[in-house]
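The structure appears right after this line, and notes come after that.
The values are calculated or read from the model by the stated rules, or taken from the named source; none is laboratory data. All of these numbers come straight from a predicted model, not from anything done at the bench. No Cβ is skipped: glycine too gets one built from the backbone with ideal geometry, and neighbour counts run over all protein chains shown.
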2 protein chains.
Amino acid sequence: MAEYSIKFDVAPEIVSVPFGSLITEAARLAGVNINQPCGGQGRCGRCAVKVVSGAVRRRSALRLLPEDIEQGYVLACQSVIEGDTYVEVPPQERVERKLTIDRVVAEIRVPENYKFNRDQSIHRHRITLPPPSMDDQRDDLSRMITAIRQQVGVENIKIPLTILRKLGSILREGDWQITSILDTQLHDDGYLAQTSLVDISSAHEIDDNPLWGVAVDIGTTTVTLLLVDLVSGQVKAQVSEYNGQIARGEDVISRIIYASKEGGAEELQALVLDTIHELLNRACKRVKGFNVEPKDIVKATIAGNSTMMHLLLGIPAESIRLSPFITAVNEVPIYSAKEVGLNINPEAVILCLPGVASYVGADITAGVYSSGLDDTSQVTLFMDVGTNGEIVLGSREWLVTCACSAGPAFEGAGVINGMRATDGAIEEVWINSENYEPTYRVIGGGKPRGICGSGLISLLAELFMTGIVDKAGHLKQDLSTPRIREGVNGPEYVLAWGSETEHTHDITLTIVDIDNLIRAKGAIYAGYRVLADRVGVPLEVIDQMLIGGSFGKYINIEKAIQIGLLPDMPWDRFQFLGNTSVNGAYLALLDREVHQRIRKIASRMTYIELSADNTFYEAFMSSLFLPHTDLTQFPSIKALIDKKD
Amino acid sequence: MAEYSIKFDVAPEIVSVPFGSLITEAARLAGVNINQPCGGQGRCGRCAVKVVSGAVRRRSALRLLPEDIEQGYVLACQSVIEGDTYVEVPPQERVERKLTIDRVVAEIRVPENYKFNRDQSIHRHRITLPPPSMDDQRDDLSRMITAIRQQVGVENIKIPLTILRKLGSILREGDWQITSILDTQLHDDGYLAQTSLVDISSAHEIDDNPLWGVAVDIGTTTVTLLLVDLVSGQVKAQVSEYNGQIARGEDVISRIIYASKEGGAEELQALVLDTIHELLNRACKRVKGFNVEPKDIVKATIAGNSTMMHLLLGIPAESIRLSPFITAVNEVPIYSAKEVGLNINPEAVILCLPGVASYVGADITAGVYSSGLDDTSQVTLFMDVGTNGEIVLGSREWLVTCACSAGPAFEGAGVINGMRATDGAIEEVWINSENYEPTYRVIGGGKPRGICGSGLISLLAELFMTGIVDKAGHLKQDLSTPRIREGVNGPEYVLAWGSETEHTHDITLTIVDIDNLIRAKGAIYAGYRVLADRVGVPLEVIDQMLIGGSFGKYINIEKAIQIGLLPDMPWDRFQFLGNTSVNGAYLALLDREVHQRIRKIASRMTYIELSADNTFYEAFMSSLFLPHTDLTQFPSIKALIDKKD
């Protein structure tokens, strides 16, 4: 087969690829980063590169402007190499690395009455062995196993070969006194129950010396990691970072598509492991008073949505996105860090928390536990607002759940001037109902660059409540203000003029953006309705609504109700819980009973597949209005509107 | 630290080593093979190389002749590099690769009534899963586990991550019908009991299609491997090869010393794995009618002495040779092929059979089972004659065992003209009692090159019975024959003149060789005595003596009794069983009850440490005569001698 030489302006070396390879494939070979926010589907138009010379066949040039095409721009993920080619890669949009802890991590508290010795699956034991002699020539291993059985009372211990290899020298260095670390899981349901010998050492650890564990939440967008001293239960460091997979797809579907390409799964797995490893290093450095290294970490719990869990473990995720939407695994068996590829103690037990379905993952079961929903008598609605929108309705008696494919509009994606909630994002908007002039607040206080999720909710609500946008989402074009105009994508509202912005372009909200936002909020609201209808509980009788997810924390309740994203209830029934997923992972890290309870939650939850019948579709169609086609569902908004009219 | 450049004449590249490195270390780096039969202790003098130029400090030059030293010869394992050096490596003695199956493998028979479905730990099952649908969205893994539970009745299944990664595609390729391979061990004693999911496939295997397993015996000298169809129980290929570790030490002590050097353990592990892998390839090619590859092998049992087991697994073996002689592990936990580094199905269960002590390993427990000793009412003596001499005395009621550090004299080592039992070895000798002229038989029928174990026994017996050697092992020098002369190592008997031999040198047996042989046979005989005395059973009441080991098969009983190697019993009480170790491994491969019985044998055997008191020493001193200091223990020999006198 013919091979062609490809040179990228940003790479030192020329690579050779077979006829028919994509530019993105050549780029990966050359170590060149080309962002593919849609996962290489050719849908987002953001992987444009310039072919300076050579032979390339465009499969698609979606979203490229004619003048770009004329200049030689092609979509890297849709262009097939058919000859020696020279490619220029424009500077790639860099994800702002400015996640601040207070914005993404829930307030973490050590559970009351936490006792290392009572609650933990993992324990450190000082073991004393009778030294061997000519009269007692038992082998090192059975000598140790007998001592553990007698002194700790544990049987059926899994002995890793790595530990067997160092056993003899540790026993002798320690003069037949060793410190052992044992992790005993309470497992059932056809999975293997076991006690793992995680490590042995000749060092004499003081009982209240820290023992290190990590709780990890792998979000589609953000990975959060807590470094925990298992003895005291305290979080010693909290760190967050964008998931390194973002440049290979901004939502789970794009990631799954990217993973299904040759080498894609391995790349995504490596990217998220890199992110975790960087976070581990950073967390270890932040601990004061101890010199902690990742290898000192002896246990990990991991939460995340089902796709993230599959990609972390290198398990193909393709079936998640294809009807009937099946995961390879909801409850991952227990593997060691070595098997998972995590650079902590190689024999550390990795607890991946259990998920329920393709789109209701371990982030939700952990969140439900962390929110207390599974143990309350109050009828409670729980929502995790992340890149997906998952909803749980229930109480200690029953639990139903569904996932709404809301899309990432509220994370700033799919909206032309949308962006994530970092410096430069407009996060709150007020519009004067007389002259339609806005004021806004920018994260970080500088000039704006775009609008983040809470800003979009706020803007849409203001546009609606001031009458600039009608209930169907149409911009009223007969208002006398320069803010409303016809743009390249149709009618739009100018929130900030170029003179005020960082990049000197106008920041607008177009009719297409408004449509996307309404579809997103409509999907979520329809989710509530379907769940409530399915169990015969009117939304009005819901006692409380708990909102998890880092983004959820910044929603303005009033405005979210005005656009119909949240149900119309007294404001005091809403509670923002922050990152409930990492919090649940943290609690499961501390206490094996919690792990059992999260497993119980997973098995108790009835998953409603929204695409299975027309109920959801009808509820969705009724929700594609501001706030809803049926205003009786939003009595407080109806009262406001009636008052104005 | 200073680095020096070392060039070997036989290697293309110059390597760089720090000041103070040994020539052997530089050689390993350069990929140059230098045999070290004593394991690098500087005792055998066989790693001599020539330093042509450079700076080398000799720590020792033991066994080098003055003229060699003058020419620049040094011991590679005892010479420290102190400057840039050029080294010539003389051609290394090559181990003859002529092991023939009939010489090393016991006659293997499928046990009567063997039934795959009843006896095996490993089974192949056809599993049918209900296909997923919008109404049944269970994940692939729990769907499979439930089906296995319902259709096979197995719980607590260990699911390897490698299988989880391919589960989704196998299920869909097979249209929700798969073939699973499950291996369920009966384990107890504080070790983990488990069912391993070894593999899944979408192929529909016919029930009586072969399922491949291997039984391996890792001898210090020879590795033997049987490729077995687990369904029929038949051995489909038998192969043997010298253990690739031989050039790094000819006995276990030398190997342990070599392994304790930096990088030595890893090298020895790689060498024995290489040997096994070559045997796997060779065995697979020999199978007729099926295209078998090593990756098709789904189970392995391994026997071998304790040192070989440690070295295979990369477990330090140092404590085995140091008082109080402790192994790191007698019963190796169950690991997968992947963990052990064996290139068969990565999730295949590797059963390492259990040993009893540092010098009574799995080769002996397997041998005891295979010999039937543990289930007979007859008082039985079992001996495995390999590089070590292990003895078991007992019956179904009781079992005692010990190991005699006999040394490898009977394997041809430690005897100047000794060699292994391959082509060119004198294997049987007759001496004319009138003129002291010998006749002999050579393996392969060509010119002789040396004397193998059975030849040495035969020769020593003839020398004694013809009066050339007296009961103390002294050569009578007043006999009128040119065969007896004073050599460089003292008095010697010339068995073959240079004119008859392949290498044109005389083949002799020196007084030092005789001493070595007497010490070796004395140690073994003393072992019988100590065991017999310890349990109060006179040697005379022993009902049968079973001799295992490939070498044992070729011993001439009459002559072995004459020198006092075997006890003086009617010849019909002796039985040669061949390689009982590989036979035991084969039987354990076929039947998990056998594995349990071998574990039971290991726990039943009382190990007598011969070095623990003076009993052995006294018995050994009394045995340093031909046949023994106490002739009443050898009545048939006494009668012969009395008759002659």
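Comparison of A:VAL582, A:VAL594 shows that the only residue that is under 30 Å from A:VAL298 (Cα atoms) and out of contact with any helix residue (DSSP H, G or I) (no Cβ under 6 Å at 6 or more places or on another chain) is A:VAL582.
State whether the residues of region B:256-271 include one that is assigned to a loop (DSSP other than H, G, I, E, B), polar (S, T, N, Q) and in contact (Cβ under 8 Å) with a residue 60 or more places away in the chain. The answer is no, given that none of the residues of region B:256-271 is assigned to a loop (DSSP other than H, G, I, E, B), polar (S, T, N, Q) and in contact (Cβ under 8 Å) with a residue 60 or more places away in the chain.
Please determine whether any residue of region A:471-482 is without any contact (Cβ under 8 Å) to a residue 24 or more places away in the chain, among the basic types (Lys, Arg) and at negative phi. Yes, region A:471-482 contains at least one residue that is without any contact (Cβ under 8 Å) to a residue 24 or more places away in the chain, among the basic types (Lys, Arg) and at negative phi.
Entry remark, region A:582-616: residues being assigned to a helix (DSSP H, G or I) and within 14 Å of chain B (Cβ to nearest Cβ) number 8 in total. Where helices (runs of 4 or more DSSP H) fall entirely within region B:284-340, those with at least 3 residues that are crowded, with 24+ Cβ neighbours inside 10 Å and more than 9 Å from chain A (Cβ to nearest Cβ) are at B:306-313. Taken residue by residue, region B:380-391 has no member that is surrounded by fewer than 21 Cβ atoms within 10 Å (Cβ to Cβ) and within 21 Å of B:TYR586 (Cα to Cα).
For region B:617-645, taking the residues that are surrounded by 19 or more Cβ atoms within 10 Å (Cβ to Cβ) and not in a loop (DSSP other than H, G, I, E, B), the one that is nearest to the chain's Cα centre (by Cα) is identified as B:PHE620. Set side by side, the residues B:GLU462, B:GLU492 differ, and just one is surrounded by fewer than 24 Cβ atoms within 10 Å (Cβ to Cβ), in contact with a Lys or Arg (Cβ under 8 Å, 6 or more places away or on another chain) and not in a loop (DSSP other than H, G, I, E, B), which is B:GLU492. Only a single item in (1) farther than 20 Å from A:PHE625 by Cα; (2) crowded, with 17+ Cβ neighbours inside 10 Å is not met by A:GLY444, and it is number (2).
Among strands (runs of 3 or more DSSP E) entirely within region A:1-84, having at least 1 residues that are surrounded by fewer than 18 Cβ atoms within 10 Å (Cβ to Cβ) singles out A:3-8, A:15-18, A:48-53, A:56-58, A:79-81. Across region A:160-201, the number of residues qualifying as at pLDDT 95 or above and not in a strand (DSSP E or B) comes to 17. If only residues of region A:157-185 that are among the hydroxyl-bearing types (Ser, Thr, Tyr) and closer than 20 Å to A:HIS204 by Cα are counted, the one that is farthest from the chain's Cα centre (by Cα) is A:SER169.
Under 22 Å from B:MET545 (Cα atoms) and touching a strand residue (DSSP E or B) at 6+ places or on another chain (Cβ under 7 Å): which single residue out of B:SER395, B:SER405 fits that description? When all the criteria are applied, what remains is B:SER395.
B:GLN238 fulfils the conditions (1) away from every other protein chain (no Cβ under 14 Å); (2) touching a His at 6+ places or on another chain (Cβ under 8 Å) except for a single criterion, (2).
Apart from one condition, A:ASP533 fits all of (1) among the acidic types (Asp, Glu); (2) assigned to a helix (DSSP H, G or I); (3) more than 25 Å from A:SER623 (Cβ to Cβ); the exception is (3). Of note, B:LEU186 does not satisfy the criterion of being more than 8 Å from chain A (Cβ to nearest Cβ), of a type in the set (A, V, I, L, M) and in contact with a Phe, Trp or Tyr (Cβ under 6 Å, 6 or more places away or on another chain). Taking the listed residues A:GLU278, A:GLU262, A:GLU331, A:GLU347, the one that is farther than 19 Å from B:ARG172 by Cβ and over 18 Å from the mean Cα position of the chain (by Cα) is A:GLU347, with no other qualifying. Considering (1) free of Cβ contacts under 8 Å to residues at least 60 places away in the same chain; (2) out of contact with any Cys (no Cβ under 9 Å at 6 or more places or on another chain); (3) more than 11 Å from every other protein chain (Cβ to nearest Cβ); (4) farther than 30 Å from A:LEU141 by Cβ, the lone condition that B:LEU167 does not fulfil carries the number (3). For region B:137-156, the set of residues classified as within 8 Å of another protein chain (Cβ to nearest Cβ) and more than 45 Å from the chain's Cα centre (by Cα) consists of B:GLN137, B:ARG138, B:ASP139, B:ASP140, listed by residue number. Checked against the criterion of being over 22 Å from A:LEU626 (Cα atoms), touching a strand residue (DSSP E or B) at 6+ places or on another chain (Cβ under 8 Å) and part of a loop (DSSP other than H, G, I, E, B), the candidates A:PRO567, A:PRO482 yield just one match: A:PRO482.
Considering each residue of region A:380-432, count those that are part of a loop (DSSP other than H, G, I, E, B) and modelled with pLDDT under 90, and give that number. Qualifying residue count for the region: 17. Taking region A:309-354 as the search range and keeping residues that are over 19 Å from A:VAL272 (Cβ atoms) and of a type in the set (Ser, Thr, Tyr), which one is modelled with the lowest pLDDT? For region A:309-354, the residue satisfying everything is A:SER323.
State whether one or more residues within region B:224-237 are on the phi < 0 side of the Ramachandran plot, assigned by TED's automatic domain parsing to the domain that holds B:LEU353 and in contact with a Pro (Cβ under 6 Å, 6 or more places away or on another chain). Checking region B:224-237: at least one residue is on the phi < 0 side of the Ramachandran plot, assigned by TED's automatic domain parsing to the domain that holds B:LEU353 and in contact with a Pro (Cβ under 6 Å, 6 or more places away or on another chain).
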